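> Okay, here's the structure, questions in a sec.
The values are calculated or read from the model by the stated rules, or taken from the named source; none is laboratory data. As the structure is a prediction and not an experimental result, all values here were calculated from the model. Positions of Cβ are generated from backbone atoms using ideal geometry, with glycine treated the same way; all protein chains shown enter the neighbour counts. Surface areas here come from the heavy atoms of the whole protein model, side chains and all, with no ligands, DNA or RNA. Shrake-Rupley method; radii C 1.70, N 1.55, O 1.52, S 1.80 Å.
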Amino acid sequence: MLRRPLLLLSRSEKIKDLVSSMPVSGGIVHRFVPGETTDTAVNATRELIDSGLHVSLDFLGEDTLDREQADQTVEAYLEILDALAEQGVARNAEVSVKLSAIGRALPGEGEKIALENARTICHAARNAGTTVTLDMEDHTTTDSTLGILRELRKDFPETGAVLQAYLFRTEDDCRSLAHEGSRVRLCKGAYKEPESVAFQDKREVDKSYVRCLKVLMAGEGYPMIASHDPRMIDIAGALATRYNRTQGSYEYQMLYGIRPDEQRRLAEAGEKVRVYIPYGVEWYGYLMRRLAERPSNLTFFLRSLISKK
Ligand SMILES: Cc1cc2nc3c(=O)[nH]c(=O)nc-3n(C[C@H](O)[C@H](O)[C@H](O)COP(=O)(O)OP(=O)(O)OC[C@H]3O[C@@H](n4cnc5c(N)ncnc54)[C@H](O)[C@@H]3O)c2cc1C
């Protein structure tokens with residue numbers, strides 16, 4: 001019930017200013033975002049890798065209308081890819097990129113700029129010995145993201161896609177992308193979408209997730225099961241058995257700070273598990289989406305706001 005207001009709040013500039021003045025090092029923010037700098041992100045990466053997990057790093061920021069900011073985001077990715085290579089952890093740590101953070105929404109040539117910027121990041125990732133996954137944003141950008149993915153895969157076939165089970169179109173998209181070498185992250189979807197394009201009922205989203213998962217697990221690609229939902233995780237395990245998939249021919253993915261015990265349990269059982277680490281100063285929209293998913297965190301969040309005053 002609180003999901004819609006929280007997703008709307010995530011667009012309020014006033015609330016954003018108030019919340020963004022909170023220190024990242026305390027309370028609820030720190031639970032979901034290890035820090036604002038490359039160093040804090042690399043330290044968190046190292047810790048997770050040392051405990052047997054893999055990582056995907058997301059330099060926070062989205063919907064930029066500023067060319068300079070888009071360029072700075074590209075620079076941030078190049079910097080962290082260098083740091084990962086230097087620290088010898090790039091084999092187990094990739095990056096996740098939002099096209100709207102690297103210029104897609106810029107007027108005029110936005111798509112072209114985003115493609116070129118994504119290409120630069122893919123080059124750097126390959127030089128570092130790792131890969132890029134293109135995050136999926138709201139439904140108005142799905143075709144554009146898949147189009148850019150197709151272009152990138154001509155030179156960088158290892159580039160990962162993300163599909164969102166709440167969209168009606170996704171089962172078909174899974175069929176198109178379930179081919180050999182194709183890395184596909186399946187998530188439920190985090191944006192507020194209209195009923196003309198997306199399931200609104202959680203149970204319908206879950207059923208769609210299972211249908212999509214079946215397509216991916218039965219296919220020739222590399223499914224990345226991005227969910228904290230115990231039922232989805234169990235079903236993925238059962239499908240792996242049904243389709244004779246060995247451990248490591250698919251992976252589980254969860255967000256930093258969410259169900260860390262489950263992340264370790266799966267890894268200890270021999271599964272490949274990747275933790276998505278967001279970092280950087282632009283953590284506001286990300287934090288609001290996490291709160292919208294689990295309003296039980298809201299009390300803690302409001303308390304940290306009040307105690308700051
Ligand atoms: C690695 C990764 C990458 C993602 N990338 C994208 C992307 O590119 N685009 C996009 O739109 N979305 C993305 N998402 C977000 C995703 O779409 C969902 O919004 C988010 O993962 C919540 O859905 P869920 O499958 O975890 O299950 P939910 O339906 O939110 O939760 C189901 C069940 O999971 C358990 N659970 C969930 N959260 C918690 C918690 N905090 N603590 C304990 N138990 C919990 C509970 O049992 C809950 O009932 C990504 C998610 C992950 C994990």
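> From the convex hull of the Cα coordinates of the range 109-171, what is the mean projected area in square nanometres?
About 4.5 nm², averaged over all directions.
> Output the antiparallel fraction of DSSP beta bridges having both residues in the range 112-261, as a percent to the nearest 5.
On the way: 1 of 13 bridges.
Around 10 percent of the beta bridges assigned by DSSP in the range 112-261 are antiparallel ones.
> Using helices alone, I'd like the mean residue ellipticity at 222 nm for the chain: each DSSP H run of four-plus residues gives -39500 (n - 2.57), total over residue count, nearest 500.
Helix contribution divided over all residues of the chain: -15500 deg cm²/dmol.
> Please give the per residue accessible area of the range 91-249, computed with a probe of 1.4 Å over protein heavy atoms only, in Å².
43 Å²
> Tell me whether the range 195-235 comes out rounded, prolate or oblate; compute the Cα gyration tensor, take square roots of the eigenvalues as a ≥ b ≥ c, and use a/c under 1.5 as the rounded threshold. Walk me through the numbers on the way to the answer.
Details: a/c = 2.44, a/b = 1.47, b/c = 1.66.
The shape class here is oblate.
> Would you kindly work out the equivalent ellipsoid of the chain from its C-alpha gyration tensor and give its semi-axes, the square roots of five times the eigenvalues, largest first in whole Å?
Sorted largest first and rounded, they come to 26, 23, 21 Å.
> Which peptide among 241-247, 50-56 comes first, and what is the full order, when sorted by highest mean count of other Cβ atoms within 10 Å?
Output ranking for 241-247, 50-56: 50-56, 241-247.
> Need one number: % antiparallel among DSSP beta bridges in the chain, to the nearest 5.
Roughly 5 percent of the beta bridges in the chain run antiparallel, per DSSP.
> Once you sort the root eigenvalues of the Cα gyration tensor of the range 122-270 as a ≥ b ≥ c, which label holds: rounded (a/c under 1.5), prolate (a/b larger than b/c) or oblate (the other case)?
Working: a/c = 1.42, a/b = 1.03, b/c = 1.39.
In terms of gyration-tensor shape, rounded.
> I've got another one for you. Just the accessible area for Thr145, please: 1.4 Å probe, Å², rounded to the nearest 10?
For Thr145, solvent-accessible area is about 0 Å².
> Heavy atoms only, 1.4 Å probe, whole protein assembly: order Ile102, Ile113 by accessible area, highest first. Before the final figure, lay out each step's value.
Working: Ile102 0, Ile113 30 Å².
Accessible-area ranking of Ile102, Ile113, largest first: Ile113, Ile102.
> Report the convex hull volume per residue for the range 130-207, counting only C-alpha atoms, in Å³. Let's see the in-between values first.
Details: hull volume 6.9 nm³, N = 78.
Convex hull of Cα atoms, per residue: 88 Å³.
> Taking a 1.4 Å probe, which of Asp135, Asp234 shows the most accessible area, and what order do the others take after it?
Highest to lowest solvent-accessible surface, that is Asp234, Asp135.
> Let me check against my output: what whole-number percent is the relative contact order of the chain, with C-alpha pairs under 8 Å and at least 6 apart?
Computed value for the chain: 24 percent relative contact order.
> Principal axis extents for the range 240-288, Cα atoms only, whole Å, descending order, please.
Result for the range 240-288: principal-axis Cα extents of 42, 20, 15 Å.
> Compute the relative contact order of the range 141-188 as a whole-number percentage, counting only Cα pairs closer than 8 Å that sit 6 or more residues apart in sequence.
On the way: 42 pairs, mean separation 19.0, N = 48.
So the answer I get is 39 percent.
> Let me ask something else. Go through 91-98, 114-121 and give me the packing order, highest mean Cβ count within 10 Å leading.
Listed from highest to lowest mean packing, they are 91-98, 114-121.
> Please go through the range 169-199 and write out the GluC sites (Glu not before Pro) that DSSP classes as loop and that have at most 16 other C-beta atoms within 10 Å.
Counting only loop positions with at most 16 other Cβ atoms within 10 Å, the GluC sites (Glu not before Pro) in the range 169-199 are Glu180, Glu195.
> Gaussian network model of the chain, Cα springs within a sub-10 Å range: biggest mean-square fluctuation belongs to which of Glu68, Glu137, Glu251?
Among Glu68, Glu137, Glu251, the largest mean-square fluctuation in the Gaussian network model of the chain belongs to Glu68.
> With the full set of protein chains in place, find how many percent of the accessible area of the range 155-274 is carbon and sulfur; take the probe as 1.4 Å.
Heavy-atom surface of the range 155-274 belonging to carbon and sulfur, 1.4 Å probe: 50 percent.
> Calculate the dipole size of the chain relative to its Cα centre from +1 charges on Lys and Arg beta carbons and -1 charges on Asp and Glu beta carbons; express the result in debye to the nearest 20.
1160 debye
> Accessible surface of His139 in the full protein assembly, 1.4 angstrom probe, to the nearest 10 Å²?
The value for His139 is about 60 Å².
> Okay, next question. Let me spell out the model: positive unit charges on the Cβ of Lys and Arg, negative unit charges on the Cβ of Asp and Glu, origin at the Cα centre of the range 50-146. What dipole size does that give, in debye rounded to 20?
I would put it at about 360 debye.
> Go ahead and run the numbers for FRET between Thr140 and Glu79, Cβ-Cβ distance against an R0 of 35 Å, rounding to 0.05.
With R0 = 35 Å, the Cβ-Cβ based efficiency is 0.70.
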